[in-house]
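Everything below concerns the one structure shown next.
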Amino acid sequence: MSRQNLKGQRVVVSGLGLVTALGTTAASTWEGLLAGKSGIHMGQPFSELPPRPLAMVGNAPADLEDLLGLAVAEAIADAHLDLPLPDCGVVIGSSRSFQSRWERMARQPDWAGNPWLESLPHMGAIAVARQIQSLGPVLAPMAACATGLTAIFQGYELVRRGQCDRAIVGAAEAPITPLTLAGFEQLGALATTGCYPFDPEREGLALGEGAAVLVLESEAAWRARSGPPPYGHILGAGLSADAYHRTAPDPELRGSRLALKNCLYYSGLNPDQVGYIHAHGTGTQLNDDHEVRLIESGFAQLPWMSSTKGATGHTLGASGAIGAALCLLALRHGVLPPNVGDRGKSIYPNLVIEPTATVLNAALCFSFGFGGQNGVLALGRKQP
């Protein structure tokens with residue numbers, strides 16, 4: 001399929017909402033990030049588990065629906081839209097969904113009488129559809145850590161193909177649960193002191209809570225209502241699933257290289273047009289090495305790159321949506337976000353170590369998940 005076959009509606013981002021350990025709004029998250037702050041703190045809400053660096057939104061583990069409610073409300077207000085939105089599409093994903101509710105209910109004596117149906121994996125998307133009173137398409141993708149980018153791409157396709165004039169897209173994660181923590185502990189993936197992406201002596205990831213929601217609109221619909229200045233355009237994406245290993249990335253880069261190649265091709269971008277990459281950057285040995293080799297093999301001129309997981313923690317399925325929102329803020333403000341957690345050494349030569357003013361026209365957001373899930377999303381100030 002050629003780029004000519006993909007012509008359709010141009011898709012703009014007219015609003016966004018962010019909830020992270022740095023703050024419960026996009027503005028507070030962005031301000032904290034540029035100040036070099038981190039929402040990661042040593043602690044443990046579960047007495048049966050050892051203390052670990054965690055990035056929590058509040059003082060207790062969050063509920064997925066609460067995170068989504070805040071992010072959706074901010075995104076709708078930011079886009080200058082009014083409820084109800086009956087024809088709006090909804091694409092909201094999560095890799096863990098309501099697992100925290102399931103764990104709590106399973107511990108209760110009357111577990112059989114609990115509202116299990118309201119906690120099924122797709123109910124986050126249903127909750128958002130109810131919140132905006134939508135009767136349009138509702139999708140709930142689940143693709144490990146590539147969930148957020150998958151959700152954005154699916155919503156982009158709904159709008160690009162004319163199935164909806166607009167769509168609410170994004171992802172949320174509330175992974176601070178005993179089972180999630182124990183699982184990552186058994187994998188040996190959890191950091192013990194902090195998250196230091198791309199540091200030669202990085203020690204692992206720090207789990208974090210959060211949500212990111214974008215309002216996507218066809219350019220025609222946005223112009224017809226004289227909407228607010230957009231953050232930018234969704235240019236396209238590349239997705240692949242190489243299934244190399246349950247948890248480890250493919251050392252030959254086959255799946256991730258394919259996702260990057262397809263993203264650039266279908267977005268109409270050349271590698272030298274990419275000014276910034278928001279990396280997945282988990283702070284684990286395997287992931288960070290994998291991403292550096294992917295970028296070095298795909299770009300003759302290395303773009304600026306950073307990970308924000310040293311500030312927000314690893315929000316699993318929500319991480320790509322959060323990364324995309326931060327890319328859009330970088331496009332709007334002309335500032336590259338720093339790699340919080342930098343300790344003066346890096347395995348990548350063009351790491352952004354402090355807020356950097358620049359003329360940014362196009363950015364990529366990377367997500368790589370368990371099971372060989374690979375996602376690359378392209379965002380730009382204008383359509384090429």
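We did not get these values from a lab; they are worked out from the coordinates using the rules stated. These numbers come from a predicted model, not from an experiment. In this analysis, Cβ positions are derived from the backbone assuming ideal geometry, glycine residues included, and neighbour counts consider all displayed protein chains.
Below are the figures for this structure:
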| item | result |
| --- | --- |
| Across K261/K309; K261/K382; K7/K261, pairs whose alpha-carbon gap is larger than 22 Å | K261/K309 |
| Ordering of 151-157, 20-26 by packing [mean C-beta count within 10 Å, highest first] | 151-157, 20-26 |
| Read-out Kirkwood radius over Cα pairs in Å, derived from the coordinates shown; its label in (1) 24.1; (2) 22.4; (3) 20.3 | (3) |
| Amide proton proximity set for G236, modelled H, under 5 Å, gap of 5+ | A378 |
| Gyration tensor verdict on region 129-179 (Cα atoms; rounded if a/c is under 1.5, prolate if a/b is larger than b/c, oblate otherwise) | oblate |
| P(r) tail fraction, region 12-224 - alpha-carbon pairs more than 23 Å apart, % | 49 percent |
| Ordering of 137-144, 229-236 by burial proxy (mean other Cβ atoms within 10 Å per residue, highest first) | 229-236, 137-144 |
| Positive dipole terminus of the chain, leading residue within C195, A172, P303 (C-beta point charges) | P303 |
| Span-rule helices in the chain, defined as complete DSSP H runs reaching 18 Å or more along the axis (Cα) with Kyte mean at least 1.0 | 64-78, 319-333 |
| Three-way shape call for region 254-347 based on the alpha-carbon gyration tensor, with the a/c threshold at 1.5 | rounded |
| Dipole magnitude of region 236-380, debye to nearest 20 (Cβ charges: Lys/Arg +1, Asp/Glu -1, about Cα centre) | 160 debye |
| Charged-residue dipole, Cβ positions (Lys, Arg, Asp, Glu), the chain about Cα centre, Debye nearest 20 | 880 debye |
| Most to least packed among 187-193, 114-120 [average Cβ atoms within 10 Å] | 187-193, 114-120 |
| Whole-Å distance, taken between Cα centres, linking region 326-384 and region 12-57 | 18 Å |
